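To start, the structure itself, in structure tokens.
The values are calculated or read from the model by the stated rules, or taken from the named source; none is laboratory data. These numbers come from a predicted model, not from an experiment. Ideal geometry is used to build each Cβ from the backbone, glycine not excepted, and the neighbour counts take in all protein chains shown.
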Amino acid sequence: MNHRKKDIIKNIVSETDISYSEAANIMESFLFLIKSKSKSKAVKISNFGSFSIKKTPERVGRNPKTMVSYIISELSKLNFKPSNKLKEKIN
């Protein structure tokens, strides 16, 4: 099940006494914090998990239609690792 930012903001508004614009600001601030801080080190949130940047190595890609090979450069990806308590709640 996918959740959009709008859906998460609506859930925050329905469960608290804050306005939609305040909830949107909270959501944007949280995402900005995760994106900016995880570039230099892991961002750990107790009982939730940790966000970190992982680099994928350079590799060879291939167009399946034309079978032409090309190099896919190294990429940085945001990685999330859930905490053990979050895993227990899910399972």
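Scanning region 23-65 for residues that are over 15 Å from residue 81 (Cβ atoms) and among the hydroxyl-bearing types (Ser, Thr, Tyr) gives 29, 36, 40, 56.
In a residue-by-residue description of region 55-74, the property of being under 25 Å from residue 8 (Cβ atoms), modelled with pLDDT of 90 or more and either of a type in the set (Ser, Thr, Tyr) or not assigned by TED's automatic domain parsing to the domain that holds residue 8 (or both) applies to no position.
Quick one: would you say residue 35 is part of a helix (DSSP H, G or I), surrounded by 11 or more Cβ atoms within 10 Å (Cβ to Cβ) and modelled with pLDDT under 90? Spell out how you get there, then give the answer.
Values: part of a helix (DSSP H, G or I): yes; surrounded by 11 or more Cβ atoms within 10 Å (Cβ to Cβ): yes; modelled with pLDDT under 90: yes.
So residue 35 fits the description; yes.
Within region 48-67, does at least one residue satisfy the condition of being loosely packed, with under 12 Cβ neighbours inside 10 Å, of a type in the set (Lys, Arg) and part of a loop (DSSP other than H, G, I, E, B)?
Quick first cut of region 48-67, residues loosely packed, with under 12 Cβ neighbours inside 10 Å only: 54-67.
Narrowing the set further to residues that are of a type in the set (Lys, Arg) leaves 54-55, 59, 62, 65.
Applying the additional criterion that residues be part of a loop (DSSP other than H, G, I, E, B) yields 65.
Yes, that holds for at least one residue.
Looking for whichever is of a type outside the set (D, E, K, R), at pLDDT 90 or above and in a loop (DSSP other than H, G, I, E, B) here; the options are 18, 8. Which one fits? Matching residue, one of 18, 8: 18.
What residue, among those in region 9-22 that are out of contact with any helix residue (DSSP H, G or I) (no Cβ under 6 Å at 6 or more places or on another chain) and under 24 Å from residue 85 (Cβ atoms), is surrounded by the fewest Cβ atoms within 10 Å (Cβ to Cβ)?
At the first step, the residues of region 9-22 found to be out of contact with any helix residue (DSSP H, G or I) (no Cβ under 6 Å at 6 or more places or on another chain) are 10-11, 14-19, 21-22.
Add one more test, that the residue is under 24 Å from residue 85 (Cβ atoms), and what stays is 11, 15-16.
On the way: 11: 12, 15: 9, 16: 11.
It comes out as 15.
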